[in-house]
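One structure is given here, and the rest of the page talks about it.
Here, each number is a calculation from the coordinates, and none is a lab measurement. Predicted model only: the values in this text are computed from it and were never measured. A quick note on method: Cβ atoms are made from the backbone with ideal geometry, for glycine too, and the neighbour counts reach across all protein chains shown.
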Amino acid sequence: MPLSTTDAGGALEAPRKTFLGHPRGLVILFFTEMWERFSYYGMRALLVMYLTQHFLFGPAEAQGIYAAYAALVYLMPVLGGMIADKYLGARKAVVIGAVLLVAGHFTMAFEGSGGKESLTIGERTYQIEVVGRDQNRTMFAVNGDERVQISITPEGVSKVGAEPAAALAADAAAVAAAGEGFPAFTPTSGYKVETKRDTAFGEPVLFLALSLIIMGVGFLKANISTVVGALYEQNDPRRDGGFTIFYVGINLGSLLATAACSYLGFTYGWAYGFGLAGFGMLLGLLTFLIGAPWLEGRGGPPVPLKGRAIFGVPVEAFFWTAGIVAVFPIWMLMQRHEIVQTILIPIALVTFVSVVGYTVFRLNGAERSRMLVAQVLIFFSVLFWALFEQAGSSLTLFADQSTQMPSWFNAGYTQMFNPGIIVIGGPIMAALWVWLGKRNREPSTPVKFSVALVLVGAGFLLLSWAAANNFNESFRVPLMILFLTYAFHTVGELCLSPVGLSMITKLSVARVVGLMMGVWFLSSSVAHIVAGWIAAATATDTVAGVVTNPELALQTYGSIFGTIGWTGVGVGVVLLALSPILKKGMAGIH
């Protein structure tokens, strides 16, 4: 029996007023999530490049920071879902999260002085300056009035325009006689590079901003998806289509953000790109507040909040305060990102085992089998996200270091490929599922998951092939190869992610749907840790964010991408073989 549409709980009865055949509340959630994802993906398009170029973290460390940040971003929705289920309701949790996100994204715009690198040759020390932020960056050595363009390779550091380094290296006398000032060539053994970072202001502010974003996503991410599910009845045939439309909103925001924020960040400065992301999140907050009446009571607290308190503090005020206070321990963790990777896996295992235990011992019949199938699919999704989420780390650096791009194109723009394809292909996929469903030929959810794994693996196999067979004299592969990789990944994502969100709301017991949505995002949290390990394996040496050995970088990418590509394809085939068993366990839910 459908629940009421009052504020006491997330109602499942479809609202009477619709927009293009769907509950009109979907419009508000579409645009709220679009602007929230605008801010998130706008920042993500810049983050790893910002860490390596502005703060001068090495690629492995930058990818470790990104992995810890992304893992916590997807861990916090577990708590956010529990808080919403038991106390606040999804709507109020979304508002708290949105406010924290606005604060976090605007804080990202405070850069500080970043990192500084110095180059010491003999008794002279030069400051290294890099002009530009795209793949055509130029490097200079500066000492007082002397400013010389240089190039650093595995052989050594060369003065641009001097004789070839190999010729000078063969004649030590020529090196010594190269002239006053900066030498024409210095072998690797003859110089030293030191890095000093802005640990007094810039880095603490960076980690504060990331911590605010982490907490904000924790309150918002799982719960806004829960509100989408609450707009539809359990077996409403529009549900999958509604989630796919919602997913298009996510990616429309991502498309706009990666274009606009990347342009401002790479062209005018990082602060401009991050500041624009902050304005996007502010628009998302305003959209949700102004459009709340269109939700018609969906996503409210399980019990009216009036008169309820925790430790004598009104419930809503308590969680506002707790959300702000919790930023501090996360800030501490982000400054020691390796700890996040150490403790997250055990936390995830305990959470997952607890949910399995609840399912086995507290549920029976169809409820139990459906919940178990959901948990099996969540388990397989970890590998998909570990491979797919290379987009924010190793694939971004691959674009910068090993991809041939036009002069007007930068590495941040490559992240437009995924949302662009989804904005175009998402409605087509939604219509395809409906068309196949009417003819009883729609693939089951487990089959869709298996196809997603095969496709994400195939994308990396294409890159691995190109790294071995299709590169230019600068050891860069064509941009089209990277685009095709994103195309494979994106079609796989459309098979898994929006369907996965819908799967959670269909297979989960109603009283823990928020928690299960959080566990779904927790799988992405674990996947980001695994993704960080993969990305770190692709890292090679850089100076001032510029790779010093392009050939080795391309070979390393090709080797790692080949390994994970075959892994994705193989696991996808295994899941396909298991799909009939899983479909039976879904007990009538498609």
Exercise for review: Show which lysines lie in cross-link reach of K306 when reach means a straight Cα distance below 30 angstrom and same-chain residues fewer than eight apart are skipped.
Suggested key: K17, K86, K92, K221
Check your understanding: Exposure proxy check: I481, I339 ranked by fewest other beta carbons within 10 Å?
Key -> I339, I481
Check your understanding: Using r as the Cβ-Cβ distance of L552 and N235, and R0 as 60 Å, what FRET efficiency do you calculate, to the nearest 0.05?
Key -> 0.60
Check your understanding: Which of the lysines could a cross-linker bridge to K584, judged by Cα under 22 Å and excluding same-chain residues fewer than eight apart?
Key -> K438, K448, K506
**Study point:** Sequence-distant residues sharing a close amide H with I150 (under 5 Å, placed H)
**Key:** M139, F140, A141, V160
Check your understanding: Amide H to amide H under 5 Å from H54: which residues, 5+ apart in sequence or cross-chain, H placed 1.01 Å off N in plane?
Key -> none
Revision key, fill the gap. Candidates for Kirkwood radius over Cα pairs in Å are (i) 24.3; (ii) 25.0; (iii) 26.3, and the calculated one carries label (ii)
Review point. Radius of gyration and Dmax for region 321-452's Cα atoms, expressed in Å?
Key: 20.7, 61
Check your understanding: So how tilted is helix 202-230 from the main axis of the chain? Cα-based, degrees 0 to 90, rounded to 10.
Key -> 30 degrees
Revision key, fill the gap. Phi angles of region 301-314, converted by Karplus (6.51 cos²θ - 1.76 cosθ + 1.60, θ = phi - 60°) into ³J(HN,Hα) in whole Hz with x for Gly and Pro, give x, x, 9, x, 7, 4, x, 8, 8, 10, 6, x, 9, x
Exercise for review: Amide H neighbours of G114 under 5 Å, at least 5 residues apart or on other chains, H built in the peptide plane: list them.
Suggested key: D198, G202
Check your understanding: Between V313 and I347, what is the FRET efficiency for a Förster distance of 30 Å, r being their Cβ-Cβ separation, to the nearest 0.05?
Key -> 0.65
**Study point:** Computed [θ] at 222 nm, helices only, for the chain once each DSSP H run of length n ≥ 4 contributes -39500 (n - 2.57)
**Key:** -22000 deg cm²/dmol
Revision key, fill the gap. Neighbour-count ranking for C261, C495 (other C-beta within 10 angstrom, fewest to most) reads C495, C261
Point to revise | Net +/- balance of residues flanking M503 in space, Cβ distance below 11 Å, scoring K and R +1, D and E -1 | key: +3
Revision key, fill the gap. Residue separation between A200 and E367 times 0.36 nm, minus their alpha-carbon distance, gives in nm 54.8 nm
Review point. Cross-link partners among aspartates and glutamates for K116, C-alpha distance below 14 Å, same-chain residues fewer than 8 apart left out?
Key: E129, E194, D198, E203
Revision key, fill the gap. Scoring the chain by relative contact order with C-alpha pairs under 8 Å, at least six apart, yields a percentage of 26 percent
Study note, to complete from the structure: For the chain, longest principal axis from Cα atoms; helix 90-107 axis from its Cα atoms; angle between them, nearest 10 degrees, is 10 degrees
Check your understanding: In nm, to one decimal, how far is the A577 label point from the D541 one, both placed 7 Å along Cα→Cβ?
Key -> 4.5 nm
**Study point:** P(r), alpha carbons of region 481-544 - 5 Å bins starting at zero, rounded %
**Key:** 4, 14, 14, 18, 18, 13, 9, 6, 3, 2, 1
Practice item. Mind pulling the angle between the C-alpha long axis of helix 315-325 and the longest principal axis of the chain? Nearest 10 degrees, somewhere in 0 to 90. Key: 10 degrees
**Study point:** Using θ = phi - 60° and Karplus 6.51 cos²θ - 1.76 cosθ + 1.60, couplings along region 38-44 (whole Hz; Gly, Pro as x)
**Key:** 4, 5, 5, 6, x, 5, 5
